[in-house]
Amino acid sequence: MSSLLAWPVARPLTARARPIAEAVAGPGRHVPALDGIRGLAVLLVLVFHIFQVEPAPRQTWLRLGYAATRFGQTGVDLFFVLSGFLITGILFDSKTSPRYFLNFYGRRTLRIFPLYYGVLVVLLVILPAVFGLRVTGIAPVWLWTFSANFAMAAGADGGMLGHFWSLAIEEQFYLAWPWIVYALGRAALMRVCLVSLVAAAGVRVLVESQGVSSFMITPCRVDTLLLGALLALAARSPLGLVDWSRQAVALALAALALGLPLCGTMRGSGSVWLQVVKYPLIAALYGAVLVLGVTAPRGSRIGQFFNHGALRNLGKYSFGLYVYHPPLIQGVHWLFQVVPGAAPLTEVHPAIALVVKVVIIAAGSYGLAWLSWHLYEKRFLALKRYFEYS
């Protein structure tokens, strides 16, 4: 641990490290590859949610592909690693700002609250009042207070809003982490991250041994967020993440080889050791992915992948895509049950019906996210100018 924290401050930046360090350091700096990483995360989640509600195909050769879509559930872990990386970088770089807390919470509020609470108003207030529909089994108070993850861990049915558990974890992280970053120096923060990675595994053992799922409980999942935080702090060393990138490929391949077979038992396994092992493996995989995305030259294959326009475009609208797609998925499946001719199509030609559903869900989710960004969210994001870091 001492060698990890004792960065050689006297060593100058290499030619390759300098532009990377300049890109990731400083509030307001934009790294295009991070949009690509965000796009990959939301794409993984979309694939998982679209296929998890579909019956397994009868053809044996399709079953492997269907099972592979379950790996998309780990897209949330990529979101957590990325969020920890970005938020910690912003907080650490703005520690000397006289409006450190005001600016951070103001900007987070403008990014999250309008869309989050706008959807809650539609689904929890308008739909029940007008159509008598109940879209979730979670008591509204848990959703209004960003604590739906605890209700779901206790057995509540999330329904159309079940995916909000991850947003609750992130908001809970945002409440505490800025104060810790403000109080400690970089080396101490890195020690906190490393200790927390171990502590989270211990908490998972305790929770799982009591017969409770650790999947949505914040102390059990904070290690992915803090791995991202650790990488952000490492990026602010003289050599940045360049040295880390040399081991990132091997780490990613090892984590993938060990973690991929565990994805078949991702949910409800009830195995304590599995819950302890799989999350660090997934976190290591996506930590390596983030390092590669940030450090890869734009002309390299990895750099081209994460800087690809389509992936970055998904990243731009990723929040809306994440929020809107589960209600749309359930709406499409409901339509296929009630529209004349749709149900028989599912029975007789399931592959064709699946393709139609995927196209509708993908296009609809992107369309809603695009409209939401340009007609609604953008208006609030423009107010971030009142919370600029000095």
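See the values below:
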quantity	calculated
Tally, over the stretch 332-356, of residues that are modelled with pLDDT under 75 and part of a helix (DSSP H, G or I)	10
Candidate set from the stretch 240-255 (those that are at pLDDT below 85 and in a helix (DSSP H, G or I)); member that is nearest to G293 (Cα to Cα)	S245
Tally of residues being among the small types (G, A, S), assigned to a helix (DSSP H, G or I) and surrounded by 14 or more Cβ atoms within 10 Å (Cβ to Cβ) across the stretch 189-222	4
Residue in the stretch 309-331 that is part of a helix (DSSP H, G or I), without any contact (Cβ under 8 Å) to a residue 12 or more places away in the chain and surrounded by fewer than 21 Cβ atoms within 10 Å (Cβ to Cβ) present	yes
Inter-residue pairs, beta-carbon under 8 Å, first modelled with pLDDT of 90 or more and in the stretch 283-305, second among the acidic types (D, E), 6+ apart	A283/D77; A283/D223; Y286/D77
Where a residue in the stretch 96-113 is farther than 19 Å from E377 by Cβ and outside any helix (DSSP H, G or I) and its partner, wherever it lies, is polar (S, T, N, Q) and at pLDDT 95 or above, with Cβ under 7 Å and at least six apart	S97/N103
Failed criterion for S390 (all others in (1) part of a loop (DSSP other than H, G, I, E, B); (2) at pLDDT 90 or above; (3) among the polar types (S, T, N, Q) hold)	(2)
Pairs with Cβ under 9 Å, 6+ apart, first in the stretch 269-282 and β-branched (V, I, T), second modelled with pLDDT under 75	V277/G259; V277/L262; I282/G259; I282/L262; I282/C263
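The values are calculated or read from the model by the stated rules, or taken from the named source; none is laboratory data. Keep in mind it's a predicted model, so treat the numbers as computed, not measured. With ideal geometry, Cβ positions are generated from the backbone for all residues, glycine too; neighbour counts draw on all protein chains shown.
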